[in-house]
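See below for the structure under consideration.
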Amino acid sequence: MVLDLAQPYQPHPDVFGTNLQPRRGGKTGGSPPYDELLYPFLSPSPSLDLDSSSPGPRARPPSKPKGLRRSGARPPSDLCPAFQSPCNWMRRSESICVVNRNGRGQGQIRSATSLPHLSKAEEEGETRSRTKSPCLLVALRPVNVEEEKARFFQSSYTYNPQFEYGEPVPETVLEKYKEASGQFIAQAVGIINAVLEKYGTYESFEASNGGKLLSKCQIWSIIRKYMQKEGCSGEVVVHLTEDLLSQAVMMVENSRPTLAINLSGARQNWLEGVLRHEIGTHYIRGVNNTHQPWHSMEGRKRYGLKPANPTEEGLASLHSVLFRKQPFLWRAALLYYTIYQASRLSFCDLFHDLARYVQDAGVRWEYCVRAKRGQADTSWPGCFSKDQVYLDGILRILRHRQTINFQLLAALGKVSYEDVDHLKKYGVLEKARIPHFMQDLERYMQHLNHIVTTNCLNDEELEQLLPD
C-alpha cells in the first residue's frame, strides 16, 4: 500500500476552543547521506535536490516560512517553542539523556540539550573520540556487541556474552530498571499467540502486513508529507541510521528536536505508524508541554503531577498501530515477555526460550541484547526492564479509553491520563496542537476498539486487571 499523504494539513476548527470537553462513551466497532537535515533552513542550500540521481519527480523544496532569513542556520524562535529554551520538554526516555563523568569517574544523568552538533565533515572515528557524553541509549549498547555476537553464533548459541560498555551507566539507573513485572504476562502471551494462530510465524505476519523495506529516498518522501500533515515542517531534524535497537527515537541534539529512524525497520505500510509514535505523540505533546505552567520539574511538583509514563509510551505505541488492518501489539507484548524472562534466565536460556515465538536468530539476538543491556556477565539472570512500559501503558489507556479526553491529553503536554481532569482548568490551550489523526474522535475511538478486539482483549478482563 502506498500511503496517500497528499492532502495538506488543515487544523480542526474546534479543537482549541472552549468546547473541548471530556469524551465519555464511544461507538464500538541517489538519496541524501546520513545526518542530512531534512528542511532548507538547516540544509546547505535552500534549493537542495534530495535525490538528483534517481528517476521520477524530484522533491520540491518547502516554501520558506514567513520572516525566515535565507542565510540563517537556525529557524526563528517563534517557529517552535523547542528552540526558545533548553529542551527539557523532550525528556521522555533514556534515549534523550546523556551520561557524564564526574571527578571520581561515576556517571550521572543530565539533560541532552548540550549534545554537540555533529559536523558532517568529521570522520566517524573522530566523532566517537570527541563525544564524551553519549545518550543513555548508546551508553547501554555494549561497545563489543558485534564481537560477542560473532562468538555467540559460533558457539551454536551456548556462549553467554560478556558485554563491555564505553561509559559507566549510573547505578541509580540500573537499580531503577532491574526488576521485571509479571502483572501483564498473561496478556502479553495472549497477544503473541493471537499473531501466531493467525499467521503461523511473526515473519509471515510481517511479510503479509508490513510491506517492503523502503529506500532512503522513499523514507524522506513519506516523512516530509507526514510533517506537512502535522503542520510542523521545518521544526525537526531527521537522520537515518542503522545503529538503533529501536525502530526510531526522538532526542535533542544541539538544542534541536531530532528524529533518528532505523533503516532496517522502515517498512512501506508501517513507517507512518512510526511517525505517529515519534512526531504525532512525543513531539507534539512535548511542544504543547512548553506552554503549560507545569513545563518544569518545579511546576510538576507544584501541580502534583504523576509521572508521564506509562501514559506517554502507551499512547505512542497505540498510535503506531492505530490504522493498521491488523493492529497487533506484537512488539510491545514480546518486549514485555522477553524482559520478564530475562529477569529469570541467562542470555543463552533466554535466546532458546524465544525460539518458540521468533524464528529469525538475528532478531532474537536483538531482543535479548535489549533485555540484557546494562549487564556485563549475561550468564546470570537479570534485565533492564524499561521496555515493559509500552504494554503497561497500552493496557491502562485501553482500560480507560471511554472516559479519557484524548484531545486534552495531547494538548496538556507530558501528563498522565490520570491528571487530565485535574489539570484541564489550568491548561493553556490557545496554542495547543492536536495530531491530525486525533481530530475525528469518533473514528479514533473506533480504531481503539478494533485494537482491543484484534488482540483478544476485552473490557471485563481489563477492568478486573486494573480496577479503579
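Quick test of your reading of the structure: Asp377 fulfils all but one of (1) open to solvent by 40 Å² or more (accessible area, probe 1.4 Å); (2) more than 16 Å from Leu140 (Cβ to Cβ). Name the failing condition by number.
Of the numbered conditions (1) open to solvent by 40 Å² or more (accessible area, probe 1.4 Å); (2) more than 16 Å from Leu140 (Cβ to Cβ), the odd one out for Asp377 is (2).
When segment 148-169 is examined, which residues are found to be over 17 Å from Cys348 (Cβ atoms) and surrounded by fewer than 16 Cβ atoms within 10 Å (Cβ to Cβ)? Explain how you work it out, then say what you get.
Initially, segment 148-169 is screened for residues over 17 Å from Cys348 (Cβ atoms), giving 164-169.
Hits for segment 148-169 are Glu164, Gly166, Pro168.
Taking the conditions exactly as written (touching a Leu at 6+ places or on another chain (Cβ under 6 Å) and aromatic (Phe, Trp, Tyr)), does Tyr177 satisfy them or not? Before you say what the answer is, go through the steps one by one.
Numbers: touching a Leu at 6+ places or on another chain (Cβ under 6 Å): no; aromatic (Phe, Trp, Tyr): yes.
Judged against the criteria, Tyr177 is not a match.
Does segment 220-241 include one or more residues that are part of a loop (DSSP other than H, G, I, E, B), in contact with a Phe, Trp or Tyr (Cβ under 6 Å, 6 or more places away or on another chain) and modelled with pLDDT of 90 or more?
We begin by selecting, within segment 220-241, every residue part of a loop (DSSP other than H, G, I, E, B); these are 231-236.
Subset that is in contact with a Phe, Trp or Tyr (Cβ under 6 Å, 6 or more places away or on another chain): 231, 234.
From what's left, modelled with pLDDT of 90 or more: 231.
Yes, because at least one residue in segment 220-241 is part of a loop (DSSP other than H, G, I, E, B), in contact with a Phe, Trp or Tyr (Cβ under 6 Å, 6 or more places away or on another chain) and modelled with pLDDT of 90 or more.
Would you confirm whether or not segment 213-223 contains a residue that is under 18 Å from the mean Cα position of the chain (by Cα) and open to solvent by 20 Å² or more (accessible area, probe 1.4 Å)?
Among the residues of segment 213-223, at least one is under 18 Å from the mean Cα position of the chain (by Cα) and open to solvent by 20 Å² or more (accessible area, probe 1.4 Å), which makes the answer yes.
Is it the case that segment 392-409 has a residue that's small (Gly, Ala, Ser) and under 23 Å from Ser246 (Cα atoms)? Talk me through it step by step, then tell me what you get.
Taking segment 392-409 first, the residues small (Gly, Ala, Ser) are 393.
Narrowing the set further to residues that are under 23 Å from Ser246 (Cα atoms) leaves 393.
So far as segment 392-409 goes, yes, one or more of its residues are small (Gly, Ala, Ser) and under 23 Å from Ser246 (Cα atoms).
Which residues, counting only those in segment 170-198, are at pLDDT below 95, open to solvent by less than 70 Å² (accessible area, probe 1.4 Å) and part of a helix (DSSP H, G or I)?
If the condition is that a residue be at pLDDT below 95, open to solvent by less than 70 Å² (accessible area, probe 1.4 Å) and part of a helix (DSSP H, G or I), then Val173, Leu174 are the ones that fit.
For segment 277-287, check the following and say yes or no: at least one residue is surrounded by 23 or more Cβ atoms within 10 Å (Cβ to Cβ), more than 12 Å from Gly413 (Cβ to Cβ) and of a type in the set (A, V, I, L, M, F, W, C).
Within segment 277-287 (the criterion being surrounded by 23 or more Cβ atoms within 10 Å (Cβ to Cβ), more than 12 Å from Gly413 (Cβ to Cβ) and of a type in the set (A, V, I, L, M, F, W, C)), the answer is yes, since at least one residue qualifies.
Say we look at segment 421-456 and pick out the residues that are assigned to a helix (DSSP H, G or I) and among the charged types (D, E, K, R); which of these is most open to solvent (accessible area, probe 1.4 Å)? Reasoning before the result, please.
In the first step, residues of segment 421-456 are kept if they are assigned to a helix (DSSP H, G or I); the result is 421-423, 436-438, 441-454.
Next cut, among the charged types (D, E, K, R) only: 421, 442-443.
Details: Asp421: 83, Glu442: 81, Arg443: 112 Å².
The qualifying residue most open to solvent (accessible area, probe 1.4 Å) is Arg443.
Which helices (runs of 4 or more DSSP H) sit wholly inside segment 280-384 and have at least 1 residues that are under 29 Å from Tyr417 (Cβ atoms)? Walk me through it before giving the result.
Numbers: elements: 284-289, 297-302, 311-321, 330-342, 347-353, 361-372.
Because the criterion is at least 1 residues that are under 29 Å from Tyr417 (Cβ atoms), the helices (runs of 4 or more DSSP H) in segment 280-384 that meet it are 284-289, 297-302, 311-321, 330-342, 361-372.
Any residue that is under 21 Å from Gly190 (Cβ atoms) and of a type in the set (Lys, Arg) - is there at least one of those in segment 375-387?
no
The values are calculated or read from the model by the stated rules, or taken from the named source; none is laboratory data. Just so you know, these numbers come straight off a predicted model, no measurement behind them. Note that we place each Cβ from the backbone using ideal geometry, even for glycine, and neighbour counts take in every protein chain shown. These accessible areas exclude ligands, DNA and RNA; they are computed on the full protein's heavy atoms, side chains included. Shrake-Rupley method; radii C 1.70, N 1.55, O 1.52, S 1.80 Å.
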